[in-house]
Amino acid sequence: MAVYIAILIANMGGYVDEIIKGEIRFQIGVKVNQDPAYKLLPPAKKAELIEELYQLEIKRLGLDTPFILRSHQYLLKALTLDLGRAIYLTSDTGSKLVKNIIVERLPATILLFTTINVILFLISLMLGLYASRRYGSKLDKLIVTLSPLSSIPGWFYGIILVLIFAASLRILPYGGLVDVPPPEDPLQYAASVLKHMILPILSWLIAYTFIQTYVRRTFFLMFSQEDYVEMAEAKGLPPRIIERRYILKPTMPPIITDFSLTLISSWMGAIITERVFNWPGLGTLLYRAAMMLDSPVIIGSVVIYAYLLVITVFVLDLVYAIVDPRVRYGVT
Amino acid sequence: MSSSKRAIQFLKSLFQYKSALAGSVILLILVAISIYTVIAIPYEQATYLWQAGKDIWLDNPRNALPSWMNTFLPKKLPETIILDTTRNQVGVTKIIVPLGKEMSKVIIEMSFVYNYDDFPSEINLFYESNFTNSPPQLIIYWVNPEGVKLKLKDLTASNKGAYYLSSDEYLMKMLQEYVKEKFGKDPEYDITPEIGLFAKYDETILKKETTSPLKGEYRMIIEGVLFEKESDVNVKLVVYGKVYGMAGTDHLRRDLTIALLWGTPIALSFGITAALSIAIIEMIIAAVSAWLGGRVDFILQRITEINMTIPFLPTLIMIAVFYKLNIWTLLLVIIALSIFGPGVKTYRAAFLQIRSFPYIDAARSYGASNIRIIFFYMIPKILPTIIPSLVLSVPDFVFLEAALAILGLGDPIAPTWGKIIDDAFSAGALFKGYFYWIIEPSLLLILTALGFALLGLSLDKIFNPRLREV
């Protein structure tokens, strides 16, 4: 797993390079153009000056050394979360450090999207199991019919839900994290946050519940035709035990893999969902940074997203090992 | 002969599923729209219209609903009325009477019937005159159906210009005073020129909720003096409505129809190109990896694994921000980022099975080259099975484009559905109640997604018979 992180960050370093160079050139250009001392210089001289300062700056930052050497520096910097300073954006506490800005936003993203994923996971698991045991029932058919709904992404349902519940019916907020001004009482604060979470959660549930339930159901169906399940049924075991011990347990590892994949893709989908709901998380930060061309923040966010991804994979690998005795360390 | 027969057989089995039929119909309609659009409105014209400033769209109302909304609404909303003295229009007369040697008098009368239940959204008077030294002097009068004549303004018509009645503070004050004088008290709201000029003058005008327009024939009379022999003046009165065209307009008075129409071919070609090329390249990589094995396999698989841990959307956003891509370069970047995707793993697993099939051994024994085996024996074998997932993945890319546009990273020139939604979002359409603005592109996006999803799922049932009974 550590290899993953290392390779990944090195990869990020590759992009960062050109971007930083461009940024330095831009900054120096702005500096020279705004400096009254250089105001009277002819454009050609000015360009020369910019080029000279640019080369100096490159040398100062060590950007003229081969990339291989530098990539290790980048790696170290990224690993220690030394993400530099923002150009325009500041954190709510006024800090200009990219790290502080991101750390401030991260909890909101994690709160919303882990909640969504856990709810989604549980619902689809239960519903899938239920539907597979009552194969061909009305609920089962409903799930199959509604599964094309997920060809439309969650954020898009978000727009429609805002249109219905916020703009037309005016019963739920348009977006944001809490009411303005935020309530003093922590309980009310939590309630307000919950109220703001309803629509984002709902939009994702509409988009992904049915397809996930459908996938689970098909999966459970395949496993419930195994001989040992029939054997258990023949023994007269109660259906609850059959479901738990004979169907759920062996299907758990692939389901966990699936869960990890959806969690990963949810980090990505989060950006646009956050934009739609104006949720003050990492996605909104990335959006604002993109609008303002605040490159250190953009790069920092991408690095953090990469981290989230890797951490997700890593944690789920651990869970995998717990659930599936075959992959446990030391057992081959 | 046999292949065409097989195709018919295939279509027959496909259209057994009603969902496949519905999906195909939707897609055919979208394709038809695309073809029509590309032929009827050339791309340059579309982007020019979409980019151009207000000048092109000056005669359109702002944020107008689509015209067909009038069929469903209880109140009939006004259409835009344009009266132009340069055009030969019914209700427009222009008379020039000479006054002595140099000067002449001009009388322009423009009349129109207003039969709507709501007030216009704006009123502008554009004028254009030619003269050498002294510009024409005009006096503008307004006559409502009851015959009340109101002097609006004295105007010096120099060259080209406009008189924006709607933002004339003086006119507003005058109308306010007029109402106060007539009813002995102030109205409860600000009487805008649109309301003041079109309202029924009875007790209802005092409240904003009750005031309603007076139906009938309105006239604008412009009397003026031209000081020079060669001098001339032309005016255009635009009474902006609240409905426009098939799709309405946005905050910049642009006709949404253009972007909605052009969004179709862009969305379709974007989605299909992305889905198709990614699937094919993934498959080739997987086939090469599985067939050659050894070091090539190792390298390709490691690249895939690394690529899978790169956060796709943030990286894409980063690239789009730093390099300001147009839509087709964006497409290339998306393809480049996706070709080492999870598909490589699944296809490779399939190819590993195929590798040991006897017919591959046979091919190898007669000396077929690697390329021949990969492209003629291995890939065609699994091609049919990937078609459903390919069709199903098209909407993902259509929505990806829309998502990027909503993040403000779409193509800067091309009109697309995502950009309409972005504009609407940024202009606060949800807060101001311009729902049509968001619903129209959304509906098209949903239709596209639905079309591909329905077709894809039915194809899935045909190509993967195991799902059929499910």
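Tell me, please, whether a residue that is β-branched (Val, Ile, Thr) and assigned by TED's automatic domain parsing to the domain that holds B:Gly263 can be found in segment B:6-15.
So in segment B:6-15, the residues β-branched (Val, Ile, Thr) come out as B:8.
Imposing the further condition that a residue be assigned by TED's automatic domain parsing to the domain that holds B:Gly263 reduces the set to B:8.
Yes, there is a match, as at least one residue in segment B:6-15 is β-branched (Val, Ile, Thr) and assigned by TED's automatic domain parsing to the domain that holds B:Gly263.
Scan segment A:25-46 residue by residue and report those that are within 25 Å of B:Phe322 (Cβ to Cβ) and over 42 Å from the mean Cα position of the chain (by Cα).
Our first condition is that a residue be within 25 Å of B:Phe322 (Cβ to Cβ); within segment A:25-46, this holds for A:25-34, A:46.
Matches in segment A:25-46: A:Lys46 only.
Select the helices (runs of 4 or more DSSP H) contained entirely in segment B:289-363, then report the ones holding at least 2 residues which are at pLDDT 85 or above and outside the structural domain of B:Ala275 (by TED's automatic domain parsing). Break it down into steps so the answer makes sense when it comes.
Values: elements: B:294-309, B:312-323, B:327-338, B:342-355.
Output list is empty.
Filter segment B:350-375 for residues that are hydrophobic (A, V, I, L, M, F, W, C) and exposed (fewer than 13 other Cβ atoms within 10 Å of the Cβ); which is farthest from B:Ile26 (Cα to Cα)?
Step one: filter segment B:350-375 for residues hydrophobic (A, V, I, L, M, F, W, C), giving B:350-352, B:354, B:357, B:360, B:362-363, B:368, B:371, B:373-375.
If we keep only those that are exposed (fewer than 13 other Cβ atoms within 10 Å of the Cβ) as well, we get B:362, B:371.
On the way: B:Ala362: 45, B:Ile371: 39 Å.
It comes out as B:Ala362.
Can you confirm whether A:Tyr174 is under 24 Å from B:Leu444 (Cα atoms) and either in contact (Cβ under 8 Å) with a residue 24 or more places away in the chain or not in a helix (DSSP H, G or I) (or both)? If you could, list the steps in order and put the result at the bottom.
Numbers: under 24 Å from B:Leu444 (Cα atoms): yes; either in contact (Cβ under 8 Å) with a residue 24 or more places away in the chain or not in a helix (DSSP H, G or I) (or both): yes.
It is true that A:Tyr174 is under 24 Å from B:Leu444 (Cα atoms) and either in contact (Cβ under 8 Å) with a residue 24 or more places away in the chain or not in a helix (DSSP H, G or I) (or both).
Determine which member of the set B:Leu445, B:Leu457 is surrounded by 20 or more Cβ atoms within 10 Å (Cβ to Cβ) and within 18 Å of A:Thr145 (Cβ to Cβ). Don't jump to the end; show me each part of the working.
On the way: B:Leu445 fails: within 18 Å of A:Thr145 (Cβ to Cβ).
Just a single option satisfies the conditions, and that option is B:Leu457.
Need the failing condition index for A:Ala191 against (1) in contact (Cβ under 8 Å) with a residue 40 or more places away in the chain; (2) within 27 Å of the chain's Cα centre (by Cα), just the number.
So the condition that A:Ala191 fails would be (1).
Across segment A:113-162, what is the total count of residues that are surrounded by fewer than 20 Cβ atoms within 10 Å (Cβ to Cβ), facing chain B (nearest Cβ under 9 Å) and closer than 17 Å to A:His196 by Cα?
Residues flagged as surrounded by fewer than 20 Cβ atoms within 10 Å (Cβ to Cβ), facing chain B (nearest Cβ under 9 Å) and closer than 17 Å to A:His196 by Cα within segment A:113-162 amount to 1.
For segment B:1-108, which helices (runs of 4 or more DSSP H) that fit wholly inside it have 1 or more residues that are within 14 Å of chain A (Cβ to nearest Cβ) and over 22 Å from the mean Cα position of the chain (by Cα)? Lay out the reasoning, then the answer.
Values: elements: B:2-15, B:18-40, B:43-51, B:69-72.
Helices (runs of 4 or more DSSP H) meeting the threshold: B:18-40.
When residues of segment B:179-205 are filtered for being in a helix (DSSP H, G or I), at pLDDT 80 or above and out of contact with any strand residue (DSSP E or B) (no Cβ under 7 Å at 6 or more places or on another chain), how many remain?
Going residue by residue through segment B:179-205, those that are in a helix (DSSP H, G or I) are B:179-183, B:193-198, B:203-205.
Among the residues that remain, those that are also at pLDDT 80 or above are: B:179-183, B:193-198, B:204-205.
Now restrict to residues that are out of contact with any strand residue (DSSP E or B) (no Cβ under 7 Å at 6 or more places or on another chain): B:179-183, B:195-196, B:204.
The number of residues fulfilling the criteria is 8.
Under 6 Å between Cβ atoms, at least 6 apart or on separate chains: pull out the pairs that start in segment B:309-330 with a residue that is more than 7 Å from every other protein chain (Cβ to nearest Cβ) and end on any residue that is in a helix (DSSP H, G or I).
B:Ile319/B:Val333
Please list, ordered by first then second residue, the pairs with beta carbon atoms under 9 Å, 6 or more apart or interchain, first in segment A:200-222 and within 13 Å of another protein chain (Cβ to nearest Cβ) and over 15 Å from A:Leu112 (Cβ atoms), second at pLDDT 85 or above and not in a helix (DSSP H, G or I).
Note: pairs meeting the criteria are A:Ile206/A:Ile152.
Of all residues in segment A:269-310, how many are part of a helix (DSSP H, G or I), more than 7 Å from chain B (Cβ to nearest Cβ) and under 11 Å from the mean Cα position of the chain (by Cα)?
Residues in segment A:269-310 being part of a helix (DSSP H, G or I), more than 7 Å from chain B (Cβ to nearest Cβ) and under 11 Å from the mean Cα position of the chain (by Cα): 9 in total.
Restricting attention to segment B:214-231, and to residues there that are outside any loop (DSSP other than H, G, I, E, B) and touching a Pro at 6+ places or on another chain (Cβ under 8 Å), which single residue is surrounded by the fewest Cβ atoms within 10 Å (Cβ to Cβ)? Please lay out each step first, then the result.
Taking segment B:214-231 as the starting set, the residues that turn out to be outside any loop (DSSP other than H, G, I, E, B) are B:216-226.
Add one more test, that the residue is touching a Pro at 6+ places or on another chain (Cβ under 8 Å), and what stays is B:216-218, B:224-226.
Details: B:Gly216: 11, B:Glu217: 13, B:Tyr218: 21, B:Gly224: 24, B:Val225: 15, B:Leu226: 26.
Checking each candidate, the answer is B:Gly216.
The values are calculated or read from the model by the stated rules, or taken from the named source; none is laboratory data. Only a predicted model underlies this, so the values are computations on that prediction, with no experimental measurement involved. In this analysis, Cβ positions are derived from the backbone assuming ideal geometry, glycine residues included, and neighbour counts consider all displayed protein chains.
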